[in-house]
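Read the structure below first, then the notes.
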Ligand SMILES: *Cc1c(COP(=O)(O)O)cnc(C)c1O
């Protein structure tokens, strides 16, 4: 057996944590979760926290949800995993059909994987091979500055966050980069607006007009979340779709963060009536229970891979756990809970409440910007409000504020100095207010 102290020691001794400076981690108090219930997480010391980042943006209906638990247990009593390389399983079939039904029309085929980054890798490879199968050799991708699509090398190639991606530059394939819409609009117009949207689309059109080797343009849906919650101007996604159709290049939309209700609709694409060639899903797909991701695509893409076996047109890609039975079973249950609990209907007033309450944060002396799309929000901290001067990176101001919130039972993880709010969709108004009051108090303490 082990006591808490031993656990803490072993955590620091053996476990290399993701996106974590381990020197700093080893100097600080561990936070080791033991169980969850609804929006609450309990650590080994019995402390309770509201999971205000949905366990990294993936929890939807709360932890330890009876229906989601039951789906896994029932599937587990049949079989945990069987390969889908050339054979199939029941939950994976049912889920594929269901995903097609709830996604933008035209997306009729589902390719599974385990993480968001893989869903993007698959879109990259499918898009690239699509043109080759059609006898065209295209190689270039258009991406956005400040984009984030995950941490594997293909996804990093499409990414544009220097802090995360700069180190690996020599290992990546080159892309043509458009400016990040939010930063572009802020610098030129001071806000998101119709004019800046049109100007961005004009830049894109110039590129598309001048080149015939573009495979696809990739972008996140409506907001660049990992870059610090940077929303697009409304209509940008739709404008991009129109141009990709006009110039016949493919469009990859990454809904890994925005999918499954986070922006107020099941997928953000639906708010702008966009149906891309590829839609990448992850995070909330299993309600935050098990690793599963999916790349949805069209019949046209699918059909370009059909041929006799010897023609070598098929997609030579798969993972050991592709279409895992347990993950697909809980993903199906996740979608049923959306219907049974009217999750999206109930979310509407919560989004309005969040918008209203975020207004209060403008008054705080160290809040430089506030950004929101649906139930996703970011509050940017600055050292000097007037000049917009940032805190030095090494000071970890965002983390200090997040740690302070723990004192009042709120679990947050910032992006640099942007305080991210990504609460489980099921959160009550009361708990939401506790999160907001606590965050306000912590920012005031700066
Ligand atoms: C989190 C995220 C990814 C990567 O997903 P993983 O499951 O962490 O690999 C990709 N795209 C977006 C927009 C994300 O937010």
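Looking across region 342-375, the residues that are touching a helix residue (DSSP H, G or I) at 6+ places or on another chain (Cβ under 9 Å), over 22 Å from residue 388 (Cα atoms) and surrounded by 15 or more Cβ atoms within 10 Å (Cβ to Cβ) come down to 343, 344, 350, 354, 357, 373, 374, 375.
Could you check, for region 10-25, whether at least one of its residues is buried (at least 18 other Cβ atoms within 10 Å of the Cβ) and assigned to a loop (DSSP other than H, G, I, E, B)?
No, every residue in region 10-25 fails to be buried (at least 18 other Cβ atoms within 10 Å of the Cβ) and assigned to a loop (DSSP other than H, G, I, E, B).
Taken as a whole, the structure places residue 178 among residues that are touching a helix residue (DSSP H, G or I) at 6+ places or on another chain (Cβ under 7 Å) and surrounded by 14 or more Cβ atoms within 10 Å (Cβ to Cβ). As a summary of the residue check, residue 327 satisfies the conditions (1) more than 12 Å from the ligand (Cβ to nearest atom); (2) touching a strand residue (DSSP E or B) at 6+ places or on another chain (Cβ under 7 Å) except for the one numbered (2). State yes or no: is residue 30 closer than 19 Å to residue 338 by Cβ and more than 16 Å from the ligand (Cβ to nearest atom)? Here the answer is no, as residue 30 does not meet what is asked. Residues that are part of a strand (DSSP E or B), in contact (Cβ under 8 Å) with a residue 12 or more places away in the chain and either closer than 24 Å to residue 8 by Cα or not assigned by TED's automatic domain parsing to the domain that holds residue 410 (or both) within region 34-89 comprise 35, 36, 37, 40, 41, 43, 48, 49, 50, 51, 63, listed in sequence order.
Residue pairs whose Cβ atoms lie under 8 Å apart, separated by 6 or more positions or on different chains, with the first residue in region 217-228 and at positive phi and the second modelled with pLDDT of 95 or more and within 9 Å of the ligand (Cβ to nearest atom), are 222/258.
Looking at residue 274, is it surrounded by 15 or more Cβ atoms within 10 Å (Cβ to Cβ) and closer than 30 Å to residue 242 by Cβ? Judged against the criteria, residue 274 is a match.
For region 230-239, the count of residues that are touching a residue at least 60 places away in the same chain (Cβ under 8 Å) and away from the ligand (no atom under 16 Å from the Cβ) is zero. When 174, 136 are screened for being at pLDDT 95 or above and more than 16 Å from the ligand (Cβ to nearest atom), only 136 passes.
Candidates are the residues of region 275-316 that are within 16 Å of the ligand (Cβ to nearest atom) and assigned to a loop (DSSP other than H, G, I, E, B); the one that is farthest from the chain's Cα centre (by Cα) is 276.
Going by the conditions given, is residue 95 closer than 20 Å to residue 287 by Cα and either modelled with pLDDT of 95 or more or surrounded by fewer than 19 Cβ atoms within 10 Å (Cβ to Cβ) (or both)? It is true that residue 95 is closer than 20 Å to residue 287 by Cα and either modelled with pLDDT of 95 or more or surrounded by fewer than 19 Cβ atoms within 10 Å (Cβ to Cβ) (or both). Scanning region 249-265 for residues that are assigned to a loop (DSSP other than H, G, I, E, B) and within 16 Å of the ligand (Cβ to nearest atom) yields 255, 256, 257, 258, 259, 260, 261, 262, 263.
On inspection, residue 155 qualifies as on the phi < 0 side of the Ramachandran plot and within 12 Å of the ligand (Cβ to nearest atom).
For residue 60, indicate whether it is closer than 18 Å to residue 287 by Cβ, more than 16 Å from the ligand (Cβ to nearest atom) and crowded, with 19+ Cβ neighbours inside 10 Å.
no
When 78, 109 are checked against the criterion of being over 30 Å from residue 377 (Cα atoms), modelled with pLDDT of 95 or more and surrounded by fewer than 14 Cβ atoms within 10 Å (Cβ to Cβ), 78 stands alone in meeting it.
Pick out the one residue from 150, 160 that is at pLDDT below 95 and crowded, with 16+ Cβ neighbours inside 10 Å.
160
Inspection of region 337-344 identifies no residue that is assigned to a helix (DSSP H, G or I) and closer than 21 Å to residue 120 by Cβ.
When each of 189, 130 is tested for being more than 20 Å from the chain's Cα centre (by Cα), more than 16 Å from the ligand (Cβ to nearest atom) and in contact (Cβ under 8 Å) with a residue 24 or more places away in the chain, the lone residue that passes is 130.
The values are calculated or read from the model by the stated rules, or taken from the named source; none is laboratory data. It should be emphasised that the depicted structure is a prediction, and the values quoted were computed from it without experimental measurement. Positions of Cβ are backbone-derived with ideal geometry, glycine not excepted, and every protein chain shown enters the neighbour counts.
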